[in-house]
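**Student:** Before I ask anything, let me first share the structure, which is written out below as structure tokens.
The values are calculated or read from the model by the stated rules, or taken from the named source; none is laboratory data. These numbers were taken from a predicted model, which means no experiment stands behind them. Every residue, glycine among them, receives a Cβ derived from its backbone with ideal geometry; neighbour counts consider all protein chains shown. Ligands, DNA and RNA are excluded from the accessible area calculation, which covers all protein heavy atoms including side chains. Shrake-Rupley method; radii C 1.70, N 1.55, O 1.52, S 1.80 Å.
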Amino acid sequence: MRTNNTVLDLRNATGVLDMDGVVDLNTNGAEVKTDKDAGGAYVVNPLDGPQHRFGIQARYAKFDRIVGTAQDFRIPGLLTTPKLKLSVRPGTVACPTPTPPTGTPGTP
């Protein structure tokens, strides 16, 4: 799955997150920068992130074998999902325990 400017509001998640470049963890959600305007300046809060929420600012991020529960997510613009398996069920649903990830994640 490839996307840009994705916002995830997760209740829980397990798996592997591989990031590259300068990575800032626990950035204020409202201060994450992704898009530039025509003059080359970063757009203020393009993801509409709330103040004082956990944010990650990275040049590149790869999620691998992620299993979790999302409260909400927004994927504006480009999205390709060649291997994504997704199911949406209303209410509280018991899910089988996922197989824990093993090995070293691949390179981009």
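**Student:** Skipping prolines and chain starts, which residues have an amide H placed within reach, meaning under 5 Å, of the one on R53, given they are 5 or more residues away or on another chain?
**Tutor:** G29, A30
**Student:** Considering only protein heavy atoms, what per residue accessible area in square angstrom results for the chain with a 1.4 angstrom probe?
**Tutor:** On the way: 8840 Å² over 108 residues.
On a per-residue basis, the chain sits at 82 Å².
**Student:** While we're looking at this one, here's another question. With a 1.4 Å probe and every protein chain kept in, tell me what percent of the accessible surface of the chain is carbon plus sulfur. Before the final figure, lay out each step's value.
**Tutor:** On the way: 4630 of 8840 Å².
Roughly 52 percent, rounded to a whole number.
**Student:** With each label point set 7 Å from Cα along the Cα-Cβ vector, what nm distance links A94 and H52?
**Tutor:** 3.8
**Student:** Considering amide H positions built from the backbone, and no H for Pro or chain starts, which residues 5 or more places from I66, or on another chain, come under 5 Å of its amide H?
**Tutor:** Excluding prolines and chain starts, which carry no amide H, the hits are V16.
**Student:** Above 18 angstrom, tally the Cα pairs of the chain and express them as a % of all pairs, no decimals.
**Tutor:** Working: 3363 of 5778 pairs.
Taking all Cα-Cα pairs of the chain, the fraction more than 18 Å apart is 58 percent.
**Student:** In addition: Would you tell me the accessible area of K36, worked out with a 1.4 angstrom probe on the heavy atoms of the protein chains, in Å² to the nearest 10?
**Tutor:** So the heavy atoms of K36 present about 120 Å² to solvent.
**Student:** Using +1 on the beta carbon of Lys and Arg, -1 on that of Asp and Glu, and nothing else charged, what's the dipole of the chain about the Cα centre, debye to 20?
**Tutor:** Around 400 debye, computed over the chain.
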